[in-house]
Every structure is written in structure tokens, then in C-alpha cells.
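The values are calculated or read from the model by the stated rules, or taken from the named source; none is laboratory data. The structure displayed is predicted, hence computed values, not measured ones. Methodologically, a virtual Cβ is constructed for each residue, glycine included, from the backbone with ideal geometry; neighbour enumeration extends over all protein chains shown. Each accessible area value is taken on the protein alone, full model and side chains, heavy atoms only, with ligands, DNA and RNA left out. Shrake-Rupley method; radii C 1.70, N 1.55, O 1.52, S 1.80 Å.
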Amino acid sequence: QVQLVESGGGLVQPGGSLKLSCVASLNFFRAYVMGWYRQAPGKEREAVASITASGFANYGDSVKGRFTISRDNAKNTVYLQMNSLEPNDTAVYYCNAKQIKTYWGQGTQVTVSL
């Protein structure tokens, strides 16, 4: 059974940083496009960042220059380094794995507030 387990969420003040991790129990992890999505209360889920098997990264406009996605194929793990956090970044963050099938994690809450 495929599992994606996120960790690293929490409460942080505006301007602060957090690093999210997602460990995936996937065979051939390196073949998957890994991504992070987020969903704020009352809003649709939106793409935050993604990274291909070869390491090419893509970012949503609202996080460019502040967030960095990376992956460690030896550890079946994808990361999201979030800097200069803003209250609008408050959301549940979900890990996503895409290849022939798509898998989702259960989400981790990130709250940016004083």
C-alpha cells in the first residue's frame, strides 16, 4: 500500500521559515514527479511546487523566490523549504506523487500568525 507521510508543519510568525518533508513508500520513487499542494479554508487546492525525476523544479507564482522544493531519491523523500512566510501561506500542505497513478498524503497544517 502506497503511503505519503508529511511532517514539519506548525505555527510560525510572519517572516519565519519551515521545512516540510514527505516520505513516500513508493517503488521506483525516482521516476515520480513529486509535488506540494496547499488548501486554505474556503479555497480550492492549489499547486505550490513540483520537481521532476531529473530535478527540474516549478513553482506557483505566489511562492517563487521564497519556497524551494528538493528531493532525495535515496531516502524516498521530497522537501519544501519555506522562507519569508506570510499569513496568506496558512493552509494544509499536501504531498503529491504522479506517474501513471497519482497519490496524496494526509496533509500537514502550516499556520503563519503572530
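Taking only C-alpha pairs under 8 Å that are 6+ residues apart, what is the relative contact order of the chain in percent?
37 percent
For the chain, the share of accessible area belonging to carbon and sulfur comes to 50 percent (1.4 Å probe, ligands and nucleic acids excluded). Of all lysines in the structure, the ones whose alpha carbon falls short of 22 Å from that of Lys19, not counting any fewer than 8 places away in one chain, are Lys64, Lys75, Lys98. The chymotrypsin sites (Phe, Trp or Tyr not before Pro) of the stretch 33-62 meeting both criteria, a DSSP state outside H, G, I, E and B (loop) and at most 16 other C-beta atoms within 10 angstrom of the site's C-beta, are Phe56.
Tell me the per residue accessible area of the chain using a 1.4 Å probe; a whole number in Å² is fine. Walk me through the intermediate numbers first.
Working: 6290 Å² over 114 residues.
So the chain comes to 55 Å² accessible per residue, rounded to a whole number.
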